[in-house]
Structure formats: C-alpha cells, structure tokens
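Have a look at the structure below, then the notes.
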Amino acid sequence: LPNLPNLPNLPNLPNLPIFTPQQIARLSSNIAEVKPHLSKAEIYEMRKKHVPEACILFYDPSPLQIVRAKGQYMYDEQGNEYLDCINNVCHVGHCHPDVVKAGQRQMAILNTNSRYLSELNATYAQRLAGTFPAPLDTVIFMNSGSEATELALELCRVWNDALDFICVDSGYHGHTRSAITVSNYKYGHPRGIGQPQHIQQMDLPDTYRGEYREQDKAGQQYGDQANQLVENIHKRGARVAGFIGESALSCGGQIILPLDTYRQSSRQCGAPGDCVLLTKFKLGSADAELACGSSRHKESYRI
C-alpha cells in the first residue's frame, strides 16, 4: 500500500507491501493441508437445512468448497488453485503475513470495546483523520460497512430533521433496513421493497451506456439531474436529508464516474445543513466511510 500523506510519525504502524514471492513461500510452508471432517455432500446438505436460501451460495448446485487461501489464490478441498477475482474481503490479499501477525498479536493482548482510553484507538483515528480534507477531522469506528451507513443516515436525519435522500441507480450501501432504502441494487430487485416514497433516485452516471457520455460534460449533466431531484423534494415542502453515492459503483458494474459528478451533485444539495455521504463497497479500499470519496472526486463535505 502507498504511504498515506501528511501523517505523523506513529509507532508500530507499518505499511503493508504487496505479497512478495518470498512471503508467499513462507506462508505456504506454514500452512498444513486442510482436510474437512465432513464430505462435500454432507456439508452441502447441512447448509441447505440450517442456512436460508436468501444467503447466496456461489455456483449452486455445484458450489466450490474453499478451505484456505493465500495472496490472490483460493484452494478447494482437493487442493485445486483458483485465481480470486471476486472476493471483496481481503484488501491486501488473503492471509497477508503482516496482517495475520498483527491480528494474532492484538488478540493475545486485548479485544474490547472503544469505551476505554486506548493509544491504538486514538493514534489510528489521528492517522485516518490526517487523510481527510479540511474541515473533516473526526472518526467513528464501526463494526461493518452496513453499520457505518446506518449511522451516517441517522446523523443526516437528526442534523437536518429530514427524511428525504437522493441516491444513485444501481447503488449499494449495505444490508440493514435503512441501508436498503437508499440502495437501488436492493430495493429495485424483483423481490425488493420497491423505491421508498422519501427516496429520489438519479441515473447511473455511466459514460458508456448512460444518457450522457461526453466525459468533459457528463459530470455537470448528471449534477443538473440531481438539481431537479432536489427541486422535487422542495416542492413537497420537504428538505434534503442527504445525498449518498459510491465513489465508484461496484454492483453497477465497476463504474468509474465522470469527473466532478459528485461535486456537481453535492452543490445542488448544498443548502445549509445538507449532508453528502460517499461509501466504498467491494472496491478493495474500505467498507463504508463518512469521507470524501476517491481521488477523482476531491471535495470537502459537511457531515
């Protein structure tokens, strides 16, 4: 990973390099062959009995049984190697030696909540805040991306005393109830809840298949669309609680947004007190952030 800019010198916070061949070899030598206690058929039947169908199983009815992983590879119960092009959990590869070592070390020392004074908690918050544009300087640690989205939405509702949000077509922000209401990928599903009345949805800013395809103009054009949605909310005598979008739309097809799309959209939502939320899911960077998005969309937002 690259060095983060403008960070204080903090102890015991090493950067994480990509896997080297030596690290992979060392990690492989320390891993015994994993042999499941049950047959694949027994595991499959047990899962069908105790895990609901709503929990998707890839490649059903002939699913992969993954027993271990390292770097960019995953291995099934027979030792077959698969190049992992789908996983969104391991941001620096599977079982990175530095990550494994740090996790083991900390679990052996302390694992508790954040209500106690902790040097690690404070220095990590400082390090993260050092990457934010002014005036953002505060961090709330959450347990998951969905939980972070849930809190972000609630902060917007309380701050603005409003319920109406603007979201983006094909967007996904988590699997809790509130997160689903702003995630077209979920509420727009054939078995979804449908678009809630208090949600306005702008088009997917896709310069390949979308309505606006000129890179130098599309950002402004999609921003103008957001302006129309703001006006729709105001005509009802309501106000905008917030605008929410992904820094790059993953479920929408790994869409890299036209330059300034969110900057233009946020300006349309820029009445005093309005909030802009950008989240990151499945992009190998973070789960969800009350932050300012990717480097293509540098902007300072009131949150």
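The values are calculated or read from the model by the stated rules, or taken from the named source; none is laboratory data. Since the model is a prediction, treat every value here as computed from it, not as a measurement. Note that we place each Cβ from the backbone using ideal geometry, even for glycine, and neighbour counts take in every protein chain shown. The accessibility values were calculated without ligands, DNA or RNA, using every heavy atom of the protein model including side chains. Shrake-Rupley method; radii C 1.70, N 1.55, O 1.52, S 1.80 Å.
Just a few scattered comments:
- Complete set of residues in segment 159-175 that are farther than 17 Å from residue 142 by Cβ and either in a strand (DSSP E or B) or open to solvent by 40 Å² or more (accessible area, probe 1.4 Å) (or both): 159, 161, 163, 164, 165, 166, 167, 168, 169
- In segment 74-99, the residues that are within 26 Å of residue 38 (Cα to Cα) form Cβ pairs under 6 Å with partners that are polar (S, T, N, Q) and open to solvent by less than 50 Å² (accessible area, probe 1.4 Å), at six or more places apart or across chains, as follows: 76/65; 77/65.
- If you filter segment 220-250 down to residues that are of a type in the set (S, T, N, Q) and either open to solvent by 10 Å² or more (accessible area, probe 1.4 Å) or over 25 Å from residue 145 (Cα atoms) (or both), you find that the one that is modelled with the lowest pLDDT is 250.
- Residue in segment 131-148 that is charged (D, E, K, R), in contact with a helix residue (DSSP H, G or I) (Cβ under 7 Å, 6 or more places away or on another chain) and open to solvent by 80 Å² or more (accessible area, probe 1.4 Å) present: yes
- Residue within segment 239-258 that is farther than 19 Å from residue 170 by Cβ and part of a helix (DSSP H, G or I) present: no
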